[in-house]
Amino acid sequence: MNSRNSNPNLPPIKYNDDGGPLCSKDSSVPMKPNGWSREEGRIERFKWRCPQAKLIKGKWVTSCDNPCNGKPCGRVTFTSPAMDKRMYPGVIRGSDEWISDYKIRTVVEKNIQYLKEPMACGNLKTRDNLTIKADLYLAGITQLITVILADKIHEHKYIRSLKPLIA
C-alpha cells in the first residue's frame with residue numbers, strides 16, 4: 001500500500017479469508033464495513049472502521065479503552081479492487097449481495113461449460129487446427145438443427161440437448 005500513508009508504530013492490518021480487515025488489537029474481530037469512498041481523482045475504495053466505533057452526534061467515537069492509533073475515532077482502513085481483483089471484486093464477500101450474485105454466477109458458469117463442451121471449446125481432443133475447426137462447425141450445425149427440431153415439435157425444453165429430442 002502507500003508507504004507515505006502508514007504509521008510505522010501501528011501494527012499491520014491482517015485480513016480474514018473473505019478479504020475483510022481484522023482489528024489490529026484482536027484478530028478474531030472483523031472491522032465494520034463503512035461504505036464506498038468515491039472521492040474525485042481517486043480510485044473507488046471500500047472503507048472499514050474500528051469494530052468498536054459508533055457514530056455519536058455526527059462524530060465517530062470508539063468505545064475502546066486503548067485505541068490502536070490513539071485517535072478517538074479508532075482505526076480506519078480501505079480496500080479496493082486495485083489491490084487484488086479476485087479478492088475485492090467490488091462486492092463485499094459474504095454479504096447478501098455477494099451470495100445472490102454467486103448463485104446467479106454458478107448457473108451462468110454451468111451453462112457456459114454446457115455450451116462449450118459439445119462445440120469442442122471445453123476439452124479439446126485434437127490438436128490439429130483443421131480438425132478442431134471441422135468439429136466446431138459440425139457441433140454448431142448440430143445445435144442449430146436441434147433448436148429447429150425442438151421448435152417445430154413445440155418442445156422448447158429440448159432445445160439444449162439432442163439426446164432427449166431423438167428419444
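The values are calculated or read from the model by the stated rules, or taken from the named source; none is laboratory data. The structure displayed is predicted, hence computed values, not measured ones. No Cβ is skipped: glycine too gets one built from the backbone with ideal geometry, and neighbour counts run over all protein chains shown. Just the protein is used for accessible areas: all its heavy atoms, side chains included, with ligands, DNA and RNA removed. Shrake-Rupley method; radii C 1.70, N 1.55, O 1.52, S 1.80 Å.
Quick notes
- Against the list (1) within 30 Å of Ser80 (Cα to Cα); (2) modelled with pLDDT of 80 or more; (3) open to solvent by less than 80 Å² (accessible area, probe 1.4 Å), the condition Arg105 fails is (3).
Residue-wise test of (1) open to solvent by 90 Å² or more (accessible area, probe 1.4 Å); (2) modelled with pLDDT of 85 or more; (3) in contact with a Phe, Trp or Tyr (Cβ under 8 Å, 6 or more places away or on another chain).
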{"residue": "Gly41", "(1), (2), (3)": "no, no, no"}
{"residue": "Lys59", "(1), (2), (3)": "yes, yes, no"}
{"residue": "Asp84", "(1), (2), (3)": "no, no, no"}
{"residue": "Ser95", "(1), (2), (3)": "no, no, no"}
{"residue": "Lys110", "(1), (2), (3)": "yes, no, no"}
{"residue": "Gly122", "(1), (2), (3)": "no, no, no"}
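- Residue among Gly74, Gly70 that is in contact with a Ser or Thr (Cβ under 8 Å, 6 or more places away or on another chain), in a loop (DSSP other than H, G, I, E, B) and small (Gly, Ala, Ser): Gly74
- Residues being within 25 Å of the chain's Cα centre (by Cα) and open to solvent by 50 Å² or more (accessible area, probe 1.4 Å) - total across region 13-28: 7
- Taking first residues from region 136-161 that are open to solvent by 90 Å² or more (accessible area, probe 1.4 Å) and partners that are among the hydrophobic types (A, V, I, L, M, F, W, C), the Cβ contacts under 7 Å between residues at least 6 apart in sequence or on separate chains come to His156/Ala150.
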